[in-house]
Amino acid sequence: MNGTPPGNRPEEGKADGPVSDISVQDASGKGPHAPQTAPAGGLPQGQAQDSTGQNAPDDDSHGISSGRTAGSDVILDRMMRLHPKVIDLTLDRIRELLGRLGHPERALPPVIHIAGTNGKGSTQAMIRAGLEAEGKRVHAYTSPHLVRFHERIRLAGELIDEGELMRLLDECDRVNAGAPITFFEITTAAAFLAFSRVPADYLLLEVGLGGRFDATNVIDRPALTVITPVSFDHEQYLGDTLGQIAFEKAGILKPGVTGIIGPQLPEAREAITARADAIGAPLLLSGQDWQVWEERGRLAYLDQRGLLDLPLPNLAGPHQVENAGAALAALRALGIGEAGTEAAVTRAVWPARMQHLRRGPLVEAAPAADIWLDGGHNPAGGQALAATLSRMPERRTHLVCGMLNTKDIAGYLLPLTAVAKDLRAVSIPNAPATLPAEETAAAARTVGLTAHVSENVLAAVEEIAAADPDSRILICGSLYLAGEVLRDNG
């Protein structure tokens, strides 16, 4: 490594990638002042509505997976039925409940708060791998889950057990006493209770939706904040310009607390730095205070402390180099040393992000095929997925795709036309908001993909295997679909 990044700086605004967590192997740059209100057309407090009954996370897995165990199933389903099915983005309800619970959010270990459109989960997984390699006990909160709700709450490295989850949910439900509250808010309160009662060195706290009015944004002084690349998604809740969306994400920044900012398009970067300047939040900006790039099959990271020469991330895809940069900047800001920085890029595991399927009915149905799973679902995710496929060994690639009806289908699929031979569309099981397979196929045809409709994922894989047995099959389009696949093929 020569310590000089190609082209001086990594390209700003490159799309972060195929998109949450199940396991880890085992100078300020502030801009001009910004107003304290959202940009024109931004998100008024309490306005966004949805029928999912929760503060929808920055992905597309709404509702409760059928893979939960029985005891918590009953309580979680009751919460979905009894509380209003509305995304009402305000912090009033969760603050009221946390007060009744004795303010567990004030008794947490040091918090690393993470927002962004893409890459939050991968970045969190890398930070956790680095911290744990240094012997730190780490809590983690993420959403949504893929198969079981328990995936959302990790206590000192282990997923919460069924008995403890039931006790916490019951306690929150009892204390809330039927008051209006969203599913995401009450389950986030339960997570805070859990985190406050188990000793740990850090809590990695992932935003659900946006940032400014997200239920996680009740930590007055986190140890660190991180904003991964911002792009278009959930415009119905966050605004229809990149600046408005970035303003909502920047709501997690806090006065005097360092913010690690991943690569951003200019409009998003301007909104984030303006907010930081307005509240006095020092920033460590990608391309200015730290830089990351790939060189000769290695990862190079440079900041004012010096150059790191590391293996490429074990998470697949060139976009993971940028995610690794944000994770390394966070770890360096926390004083983590060489063992931790190397573990961050070599030990992190993040399911449904270009995950290679190696067992289960799908593999048995297509034994000669190379089957992958990815939960990306927005245009930036499609771009990064295409970049990942373009760097893999040459092989005919067939898509099996299911998406929700709230997504930009054509925007997601357009980049994939350059790397995919065709697409088989499926409806997502158990997802009321699924886009019918026929409509997904129609959208694919509008961007130039040959598209067919299949009854389900297994049928699609069987059809591909019969026609092109040694091809690559990529199942994609939704974390909700990914969860259904992993239930039997994880």
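The values are calculated or read from the model by the stated rules, or taken from the named source; none is laboratory data. All values reported here derive from a predicted model rather than from experimental measurement. A quick note on method: Cβ atoms are made from the backbone with ideal geometry, for glycine too, and the neighbour counts reach across all protein chains shown. Accessible surface is based on the protein model in full, side chains and every heavy atom, while ligands, DNA and RNA are left aside. Shrake-Rupley method; radii C 1.70, N 1.55, O 1.52, S 1.80 Å.
Highest mean first, the peptides 264-271, 174-181 sorted by other C-beta atoms within 10 Å per residue fall in the order 264-271, 174-181. Please say if the stretch 72-347 is rounded, prolate or oblate, where rounded means a/c under 1.5 for a ≥ b ≥ c the square roots of the C-alpha gyration tensor eigenvalues, and otherwise the choice is prolate for a/b larger than b/c and oblate otherwise? Cα axes put the stretch 72-347 in the prolate bin. Only Cα pairs under 8 Å and 6+ residues apart enter the sum, and on that basis the relative contact order of the stretch 72-347 stands at 23 percent.
Applying the Karplus relation 6.51 cos²θ - 1.76 cosθ + 1.60 with θ = phi - 60° to the stretch 384-395 yields 3J(HN,Hα) values of 5, 5, 4, 5, 5, 5, 5, 9, 7, x, 4, 6 Hz, where x marks Gly and Pro.
Listed values for the stretch 368-379 are Karplus-derived 3J(HN,Hα) couplings in whole Hz (6.51 cos²θ - 1.76 cosθ + 1.60, θ = phi - 60°), namely 8, 8, 10, 9, 10, 9, 9, x, x, 8, 10, x, and x replaces Gly and Pro. What the Kirkwood sum gives for the stretch 355-489 is a hydrodynamic radius of 14.3 Å, with every pair of different alpha carbons counted.
At a probe radius of 1.4 angstrom, the accessible area of the stretch 355-489 per residue rounds to 39 square angstrom. Remark: the stretch 132-144, residue by residue, has Karplus-estimated 3J(HN,Hα) of 5, 5, 8, x, 7, 8, 10, 8, 8, 10, 9, 8, x Hz, where x stands for each Gly or Pro and the curve is 6.51 cos²θ - 1.76 cosθ + 1.60 at θ = phi - 60°. Stretching the chain fully between residue 394 and residue 288 yields a gain of 34.6 nm (0.36 nm per residue, less the alpha carbon separation).
Projected label points at residue 171 and residue 156, each 7 Å from Cα along the beta carbon direction, are separated by 1.6 nanometres. When you count the other C-beta atoms within 10 angstrom of each residue and take the mean per peptide, 240-246, 275-281, 357-363 line up highest first as 240-246, 275-281, 357-363. Packing around the peptides 122-133, 89-100, 206-217, taken as the average count of other Cβ atoms within 10 Å per residue, puts them in this order, highest first: 122-133, 206-217, 89-100. What a 1.4 Å probe finds exposed on the stretch 262-394 is 48% carbon and sulfur by accessible area, rounded to a whole percent.
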